[in-house]
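Trainee: Have a look at this one before I ask anything.
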2 protein chains.
Amino acid sequence: MGFYDSTNLYPDTSAGYLIRACNQLCHAQLDRAFADEGLTCVQWSALVSIYFGRAPTCAALARDMAHDKGAMTRMIDVLEARGLVRRDRDDSDRRVINLSLTEEGEAVAMRCRLKVIDCWNGWFADWPHEEIATFITQLQRLRTTLEASPACA
Amino acid sequence: MGFYDSTNLYPDTSAGYLIRACNQLCHAQLDRAFADEGLTCVQWSALVSIYFGRAPTCAALARDMAHDKGAMTRMIDVLEARGLVRRDRDDSDRRVINLSLTEEGEAVAMRCRLKVIDCWNGWFADWPHEEIATFITQLQRLRTTLEASPACA
DNA sequence: CCCGATTGACTGCCGATGCAATGATTGCCA
DNA sequence: TGGCAATCATTGCATCGGCAGTCAATCGGG
């Protein structure tokens with residue numbers, strides 16, 4: 001019935017294993033690429049999420065990035081202290097603190113974005129564009145599934 | 001030339017962003033699935049890598065999992081203390097310590113493997129098998145590229 | 001109108017991770 | 001043969017992330 005059974009799930013054929021490895025390697029490389037901006041890969045992701053309006057608040061940002069809420073608060077502390085992010089309490093709902101980028105925050109995020117574009121174009125250099133597109137679509141699909149899956153047996 | 005440019009790299013279309021999200025979500029779910037065995041997702045990966053002979057030593061295991069070498073030592077400490085992993089100093093090269101699973105280690109790893117198979121079959125339930133296969137192939141390819149890429153501009 | 005449930009931000013605590021340095025061992029090359 | 005580089009395991013150190021708990025604000029049902 002299913003794709004996997006006891007005869008074909010090995011480290012080298014396991015989607016989870018491969019995704020983990022890709023994430024680790026990509027993460028490490030981007031961290032190095034961002035070093036001269038004093039940013040972390042994760043911090044940059046947060047800036048971009050805010051920039052493109054995916055996450056108006058701290059809790060939404062944590063959900064969007066599948067990141068811990070508490071850790072996110074501390075991370076925004078850092079980014080705010082560096083003058084990259086602004087916190088403004090919401091008028092209609094006083095629990096909420098709205099996030100936005102400062103001018104410098106936008107500038108840094110966009111500079112780093114160019115670096116990321118270069119990295120990925122390098123890694124995808126040999127791939128037909130069509131194949132990249134389906135790969136991205138599949139990742140989106142998997143992500144949606146995982147978000148919807150509350151637990152597994 | 002490249003696939004990405006300033007007009008199409010967004011959180012929702014970025015491979016890195018999506019891979020990170022999938023990894024986080026999958027990781028969290030597997031951690032919960034392994035809770036009754038007292039194992040972490042990462043610990044299980046280590047057991048499996050050893051089991052299938054991908055990583056005879058601690059350093060090789062760290063490389064295979066794109067994990068920190070120092071952290072790996074401590075992780076093996078834990079697994080050894082629980083009686084899941086054995087350490088044996090190599091005869092020919094006295095620097096290296098060979099790793100192997102105890103009987104209980106094998107048993108735990110295989111029990112967890114069944115859970116992982118169930119999880120992934122659930123997540124891939126709607127996918128044609130052919131599509132899953134190409135997805136895995138693409139992940140392998142990306143992993144190889146990332147391993148070979150020393151740095152990026 | 002009030003009380004319980006929910007949501008958002010924040011904090012303390014613990015374990016895990018990444019980095020750098022150390023000591024021991026081996027291999028290589030002049 | 002002697003010394004230098006590389007590799008392996010290990011260990012501090014600082015940081016980060018996940019979990020649980022707290023407080024404040026909002027929402028919804030009786």
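The values are calculated or read from the model by the stated rules, or taken from the named source; none is laboratory data. Owing to the predicted nature of the structure, the values given are computational and were not obtained by experimental measurement. Positions of Cβ are generated from backbone atoms using ideal geometry, with glycine treated the same way; all protein chains shown enter the neighbour counts.
Trainee: Just name the residue that is nearest to DNA strand D (Cβ to nearest atom) out of those in the stretch B:35-49 that are touching a Gly at 6+ places or on another chain (Cβ under 9 Å) and not aliphatic (A, V, I, L, M).
Mentor: The residue in question is B:Cys41.
Trainee: Now for a different question. Looking only at residues that are part of a loop (DSSP other than H, G, I, E, B) and at pLDDT 95 or above in the stretch A:83-94, which one is farthest from the chain's Cα centre (by Cα)?
Mentor: Filtering the stretch A:83-94 for residues part of a loop (DSSP other than H, G, I, E, B) gives A:83-84, A:90-94.
Narrowing the set further to residues that are at pLDDT 95 or above leaves A:83-84.
Details: A:Gly83: 21, A:Leu84: 18 Å.
So the residue we want is A:Gly83.
Trainee: Kindly evaluate A:Thr73 against the criterion of being buried (at least 16 other Cβ atoms within 10 Å of the Cβ), within 16 Å of DNA strand D (Cβ to nearest atom), more than 8 Å from chain B (Cβ to nearest Cβ) and among the polar types (S, T, N, Q).
Mentor: no
Trainee: Would you pick out the residues in the stretch A:10-23 that are crowded, with 21+ Cβ neighbours inside 10 Å and part of a loop (DSSP other than H, G, I, E, B)?
Mentor: Residue satisfying the conditions is A:Ser14 alone.
Trainee: Please go through the stretch A:56-90 and pick out each residue that is near DNA strand C (Cβ under 9 Å from one of its atoms) and under 21 Å from B:Cys26 (Cβ atoms).
Mentor: Answer for the stretch A:56-90, where residues must be near DNA strand C (Cβ under 9 Å from one of its atoms) and under 21 Å from B:Cys26 (Cβ atoms): A:Leu61, A:Ala62, A:Arg63, A:Asp68, A:Lys69, A:Ala71, A:Met72.
Trainee: Then there's this: Could you list, in sequence order, the residues of the stretch A:35-53 that are within 11 Å of another protein chain (Cβ to nearest Cβ), touching a helix residue (DSSP H, G or I) at 6+ places or on another chain (Cβ under 9 Å) and hydrophobic (A, V, I, L, M, F, W, C)?
Mentor: Of everything in the stretch A:35-53, those that are within 11 Å of another protein chain (Cβ to nearest Cβ), touching a helix residue (DSSP H, G or I) at 6+ places or on another chain (Cβ under 9 Å) and hydrophobic (A, V, I, L, M, F, W, C) turn out to be A:Cys41, A:Val42, A:Trp44, A:Ala46, A:Leu47, A:Val48, A:Ile50, A:Phe52.
Trainee: In the stretch B:108-125, is there at least one residue being outside any helix (DSSP H, G or I) and within 12 Å of chain A (Cβ to nearest Cβ)?
Mentor: Scanning the stretch B:108-125, I find at least one residue that is outside any helix (DSSP H, G or I) and within 12 Å of chain A (Cβ to nearest Cβ), so the answer is yes.
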